[in-house]
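To keep things clear, I will list the structure first and then write my remarks on it.
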Amino acid sequence: MRSIGIGVREIRMRDDSGVYRVIYVASWGDAIHVLHAFQKKSQKTSQHDVEIAKRRLGAIARGMK
């Protein structure tokens, strides 16, 4: 998900109750950082969900300095 940041990936899941996404980054250190997890309500990921992931990625980046 380059729209959020380099190295950011997503897991897509679907079951009887809906479609879900987990946005994460695993390219820093030896940890997987989950930036955001949510149920999809439309085909396109909402700007609100993208902004949450971007803010959290920025907080992780600042904490690693």
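The values are calculated or read from the model by the stated rules, or taken from the named source; none is laboratory data. Owing to the predicted nature of the structure, the values given are computational and were not obtained by experimental measurement. Here the Cβ is made from the backbone with ideal geometry for all residues, glycine too, and neighbour counts use every protein chain on show. Each accessible area value is taken on the protein alone, full model and side chains, heavy atoms only, with ligands, DNA and RNA left out. Shrake-Rupley method; radii C 1.70, N 1.55, O 1.52, S 1.80 Å.
Miscellaneous remarks
- Positions within the stretch 23-38 being open to solvent by 30 Å² or more (accessible area, probe 1.4 Å) and within 12 Å of the chain's Cα centre (by Cα), in sequence order: Y24, A26, I32, H33, V34, A37
- The set of residues in the stretch 39-65 that are surrounded by 12 or more Cβ atoms within 10 Å (Cβ to Cβ) and of a type in the set (S, T, Y) comprises T45, S46.
- Residues that are open to solvent by less than 90 Å² (accessible area, probe 1.4 Å), part of a loop (DSSP other than H, G, I, E, B) and of a type in the set (V, I, T), drawn from the stretch 1-22: I4
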